[in-house]
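Quick notes on the structure that follows.
The values are calculated or read from the model by the stated rules, or taken from the named source; none is laboratory data. What you are looking at is a predicted structure, and each value in this text was computed from that prediction instead of being measured. Neighbour counts are summed over all protein chains in view; Cβ atoms, including those assigned to glycine, are modelled from backbone coordinates with ideal geometry.
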Amino acid sequence: MRPAATKILSVLDGQLWKQMMVSGAKALELKKHDVDALNVFPVPDGDTGTNMFLTIQSAAKDAEKNNSQSIGEVASAASMGSLMGARGNSGVILSQLLRGIAKGLEGLNTANALQIAQALQAGVDTAYKAVMKPVEGTILTVSKETARAALTIAKNGGTILETLQEAQKQGFKSLAKTPEMLPVLKQAGVVDAGGQGFLVILGGWIGVLTGETLILDTPNEIDSSKISDAGATEAKPEFLQIENLDYPYCTEFLVKGTDLRVEQIKHDLSDRGDCLLVVGTPEVVKIHVHVKNPGKILDYAIQWGTLHQVQIHNMLEQNENMAHAMKENTENVEESIKETNDEDHPLKEFGVVAVAMGEGIAEVFMSLGVDEVVFGGQTMNPSTEDLSEAVRKVPAKQVFILPNNGNIIMAARQVKDVVQEQQVHVISSKSIPQGISALLSFNGEGDAETNLKNMERGLKSVRSGEVTYAVRDSQYGELTISDGDILGLVEDVIVTTGKSINEVAKATLDKMEWKTHDLVTIFYGEETKLEDVERLQDWLREENSNIEVEIHPGRQPLYYYIFGVE
């Protein structure tokens, strides 16, 4: 049903802001694959559109739960949702934009055009501060130009709709210039994916005001007969109660297997519940759906492979406790820590959480003393909430997080804003070998500052390499890459391509100058043949028998080999 917006709104209230959050999420859900296609890096990765969608979806869900008429309160709820659901660097930046917007709207029941524009600017300021080294030609630039245009229009007397429309128009002009700011975009012939995603969300917001966007899964449709001069709509607090009675169980899990068909799974589950999300690869698929009977969904999914990280939540029970959820959660965690700190289970000073992209790699981390392992990495970046939950499970006063992926570091740093009862330290490990090297530099008897310095120093002592495959045709530097080519990477830079996994592996190790080092560590993936691993090991011994070689079954998806050289 198309919402009617026949009046020119002078202000927005909380219910309209809620509509805008949901509409933005729906718009990006429809376009996320188009945004993903703009990624210039052809390796299997946590794609921008998908990460931004999961982030804005989390924001919309928390906004839906808030029935306040205050735009400040609803914006705050959306901000918290985006913080907890942020995935990948693009998702974290989006969450920071929403966080700044919430700050700009704080304390307001309604907001006029100028206040909305000022909130957008506050969002940009917050996002820039959150990024250690802001890069122009990205979502940061596009959002900055969008906010600047919004302020200009609003100060000149523009309506809310005019302000957002002109802001989006300027945003698209800025987006078109991003290839001139980033050579890698120009070479690939694309605009910045994050900037595109942001403008898609903004288009969803505008659609609520124009009635041009189809709004689905919202608690309140905008009814022109209920829009007052102040732009407020009537709240329907009973809506969430009804929805959750229809589909009370939020069911989320991973399926691991071979030849997993994402679109087929999505089609098969499309009529079995609502809020369906199916993302992943032929090896690993994440499924999220609201259903009446979780058992039927699990019975279906197990036909495709093995089930992992199964989580089932009764949303009706969650909604009944919604008003006090955050307070109760904090009290429960503090009580849990207090109960753990007794003579039988003393609370230790330090704990460690690590992100791992394979079960074998996870086992290595656990054997080295890691308390909690979060499954994730490429294509499935864990959210800030996932990492926060892992930290809270660790019975320690201070917890170190090893993200082990450059696209997870920003989400990990946000854990500090979520977990207040423990001190959180984030190590900037960008790969599995870096994470292991940092962990080997950890001393449980030392102090936090010394450990931070030693772990950061430790991760710099190892070079990291990977062998994977191309997921799209691409031009990367002087390399012409075709979909399906085998790729060799050193420190996240593609250095060689080919058709043979082991030949690319050898070339990658040569680029890492392995012969000049003392130790080569190899994690082989779940699709790597054992005979290939043995041949690679024989080659290493023949080339230089003096160098120590360690080989582990990492069982990681997508990546045939992960190398560490030190």
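Couple of notes before you dig in:
- The single condition among (1) more than 17 Å from the chain's Cα centre (by Cα); (2) buried (at least 23 other Cβ atoms within 10 Å of the Cβ); (3) at pLDDT 85 or above that Ala25 does not meet is (1).
- Residue count, region 54-86 (criterion: at pLDDT 90 or above and not in a helix (DSSP H, G or I)): 6
- Cβ-Cβ under 9 Å pairs, at least 6 apart or on other chains, region 163-181 side more than 14 Å from Ile139 (Cβ to Cβ), far side modelled with pLDDT under 95 and basic (Lys, Arg): Pro179/Lys186; Glu180/Lys186
- Residue within region 250-267 that is modelled with pLDDT under 75, buried (at least 16 other Cβ atoms within 10 Å of the Cβ) and touching a helix residue (DSSP H, G or I) at 6+ places or on another chain (Cβ under 6 Å) present: yes
- Of the strands (runs of 3 or more DSSP E) contained entirely in region 454-566, those carrying at least 1 residues that are in contact with a Ser or Thr (Cβ under 9 Å, 6 or more places away or on another chain) and either modelled with pLDDT of 95 or more or not assigned by TED's automatic domain parsing to the domain that holds Ile361 (or both) fall at 463-469, 474-476, 479-481, 486-490, 493-498, 548-553, 561-565.
- Among residues of region 18-38 that are hydroxyl-bearing (Ser, Thr, Tyr), those with a beta-carbon under 6 Å from a residue that is part of a helix (DSSP H, G or I) and surrounded by 24 or more Cβ atoms within 10 Å (Cβ to Cβ) at least six positions away or on a different chain give the pairs Ser23/Gly204; Ser23/Val208.
- None of Asn39, Asn51, Asn89 is crowded, with 24+ Cβ neighbours inside 10 Å and at pLDDT below 95 except Asn51.
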